[in-house]
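Participant: Input: one structure, supplied below.
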Amino acid sequence: MNLVLGTTQKLLMSQNMLQSTSILQMSTPELMEYVNRLTEENPVLEVKKDFEDEQVFNALKRKIDYLDSSDEQNRIYYSEERDDEEENDDWKFKQEEGKTLYDFILEQVNVLKYDESLISICDFIAGSLDENGYLKYDSEDIAGFLGISQIKAQEAVDIIKSLEPAGVGASGVKECLKIQAERLGIFNGILKNIIEDCLEMVGKNQIGAIAKKLKQPQDDIIEAINTIKSLNPRPSSGFMSGDRVEYITPDAVISGENGKYSVIMNEYFTADVKLSRFYKDIIKNGDNAEAKEYIYSKIRQAQWVVKCISKRSETLYKIICAIVERQTEFFDLGRGHIKPLSLGSVADVVGIHESTASRAVKGKYIQCRHGVYPLSYFLRQAAAESYQGDSLTQEKIQKMIKKLIDNENKNSPLSDRKIADELLKEGVDISRRTVAKYRSAMGINGISGRKI
């Protein structure tokens, strides 16, 4: 057996270093929970509520309220939601707050007074509906799950499909629309043929192709499609999902305009070390060395936690300031104006290692007048270079593609190759395949799906 003596270098992380790294990675809610839990274990650590100065608190509250009211994302979302409700008011179920589709179905089943065994099967089916209100299991599957006859399982499935909202329990969108059309007495003629054979073509807006396939006038096809679009493809619409809503707590608020912005850290509390008179007396007058050592250890722990929280706040503030300074165009104009910005370059500006910056950015959010965004949203690699030497992000290129498509001749839409050629004229050299990839990511159909 040969023994070899040598030297090696190892990076060993102490318990304090691990704690510091863990605190840096925590989101604001996680940090609040961590400190509150620690105060229960450590009697010398005290949490102080921030904004003891009422004027300072009210000033920040007004800024947040202003940002909420001018949040571009919310404004667009809610306006679209209101439009949808006005257009489809006949199928929007406006349930009282807190009611789920599961609750609504069981209420109807109980009113019909079926026997207990059948109610139990319906209960199982109601709990098995997906987020759209569809049932992905057939009667054979349900019979196998519950150890019952397929006839009994099918009876329960038919009961669910007979309930409101129309289409609940369907196997998919095709059966869902069919059920609704049958109840309205319109499941016939062109509309029936479109639902059964041409739904995918409807999604791609291939009206001409549908008319050719069904050998019907385009006007009649358009009328039938408009009727289909008035139906509800998601029976679960208007009901609570039953899942707990998670609210994002922004770590900072960005206020200002026209290239001049300030960063306000959204710190709900600060931790402080405060020793009560009881523990002071033990240290000063007590004779128990073990008790004194215990108190001193808790003081050291509390002081280290306070230092870590302060360092986390300082690091995060510097990172956010660096991001805001380099993404001014976004804060001026909003989505579509993100510039390429690497995590490494931000770390260099702040003067920290890239791995530290990565931990600090993780799970952190900022709020501005355009909405609430994760910090990672502002860190983008360049997707292409323009002939002018400007680096372009994928988002910027997607915006250029969308602009070309919005302005195209709908009777003769631009192909992906033609879009690539148009981008080349603007100094952006990307392939046809990349155009197709970016277009699909935006949910925009190909040339056949956009042609009228």
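The values are calculated or read from the model by the stated rules, or taken from the named source; none is laboratory data. The model shown is predicted, which means the values in this text are computed figures rather than measured ones. Here the Cβ is made from the backbone with ideal geometry for all residues, glycine too, and neighbour counts use every protein chain on show. Surface areas here come from the heavy atoms of the whole protein model, side chains and all, with no ligands, DNA or RNA. Shrake-Rupley method; radii C 1.70, N 1.55, O 1.52, S 1.80 Å.
Participant: List the pairs whose first member sits in the stretch 164-187 and is under 21 Å from Phe239 (Cα atoms) and among the acidic types (Asp, Glu), whose second member is open to solvent by 10 Å² or more (accessible area, probe 1.4 Å) and outside any loop (DSSP other than H, G, I, E, B), and whose Cβ atoms are under 7 Å apart, counting only residues at least 6 apart or on separate chains?
Facilitator: Glu164/Gln108
Participant: If we scan the stretch 116-125, do we find a residue that is within 19 Å of Ala170 (Cβ to Cβ) and either open to solvent by 60 Å² or more (accessible area, probe 1.4 Å) or not hydrophobic (A, V, I, L, M, F, W, C) (or both)?
Facilitator: Yes, some residue in the stretch 116-125 is within 19 Å of Ala170 (Cβ to Cβ) and either open to solvent by 60 Å² or more (accessible area, probe 1.4 Å) or not hydrophobic (A, V, I, L, M, F, W, C) (or both).
Participant: Need the failing condition index for Lys362 against (1) touching a Gly at 6+ places or on another chain (Cβ under 9 Å); (2) touching a residue at least 60 places away in the same chain (Cβ under 8 Å), just the number.
Facilitator: (1)
Participant: Continuing with the same structure: Name the pairs: first residue in the stretch 390-412 and without any contact (Cβ under 8 Å) to a residue 24 or more places away in the chain, second residue assigned to a helix (DSSP H, G or I) and among the aliphatic types (A, V, I, L, M), Cβ to Cβ under 7 Å, at least 6 apart or on different chains?
Facilitator: Partner pairs satisfying both residue conditions: Leu404/Ile419.
Participant: Name the pairs whose Cβ atoms lie under 8 Å apart, with the first residue in the stretch 21-47 and over 22 Å from Ser358 (Cβ atoms), the second open to solvent by 50 Å² or more (accessible area, probe 1.4 Å) and assigned to a helix (DSSP H, G or I), and 6 or more positions between them or separate chains?
Facilitator: Final answer for the pair search is Asn42/Gln301; Pro43/Tyr279; Val44/Tyr279; Leu45/Gln301; Val47/Asn36.
Participant: Need the failing condition index for Gly351 against (1) at pLDDT below 90; (2) at positive phi, just the number.
Facilitator: Evaluating Gly351 over (1) at pLDDT below 90; (2) at positive phi leaves (1) as the failure.
Participant: Moving to a separate point now. For the stretch 344-384, name all the residues that are within 22 Å of the chain's Cα centre (by Cα) and assigned to a helix (DSSP H, G or I). I'd like the intermediate steps shown before the answer.
Facilitator: Initially, the stretch 344-384 is screened for residues within 22 Å of the chain's Cα centre (by Cα), giving 358-381.
If the condition is that a residue be within 22 Å of the chain's Cα centre (by Cα) and assigned to a helix (DSSP H, G or I), then Ser358, Arg359, Ala360, Val361, Leu375, Ser376, Tyr377, Phe378 are the ones that fit.
Participant: Mind listing whichever residues of the stretch 329-341 are open to solvent by less than 50 Å² (accessible area, probe 1.4 Å) and under 21 Å from Ala360 (Cβ atoms)?
Facilitator: Those that are open to solvent by less than 50 Å² (accessible area, probe 1.4 Å) and under 21 Å from Ala360 (Cβ atoms): Phe330, Phe331, Ile338, Pro340, Leu341.
Participant: If you don't mind, there's one more thing I want to ask. In the stretch 305-314, what count of residues is obtained for those that are touching a helix residue (DSSP H, G or I) at 6+ places or on another chain (Cβ under 6 Å) and surrounded by fewer than 18 Cβ atoms within 10 Å (Cβ to Cβ)?
Facilitator: Counting residues in the stretch 305-314 that are touching a helix residue (DSSP H, G or I) at 6+ places or on another chain (Cβ under 6 Å) and surrounded by fewer than 18 Cβ atoms within 10 Å (Cβ to Cβ) gives 0.
Participant: If you don't mind, there's one more thing I want to ask. Find all pairs meeting these conditions: Cβ atoms under 7 angstrom apart; at least six residues apart or on different chains; first residue within the stretch 418-431 and more than 15 Å from Lys402 (Cα to Cα); second residue at pLDDT below 85 and open to solvent by 70 Å² or more (accessible area, probe 1.4 Å).
Facilitator: Gly427/Tyr387; Gly427/Gln388
Participant: Looking at Arg380, Arg359, Arg369 in this structure, which one is within 23 Å of Pro250 (Cβ to Cβ) and modelled with pLDDT under 80?
Facilitator: Arg380
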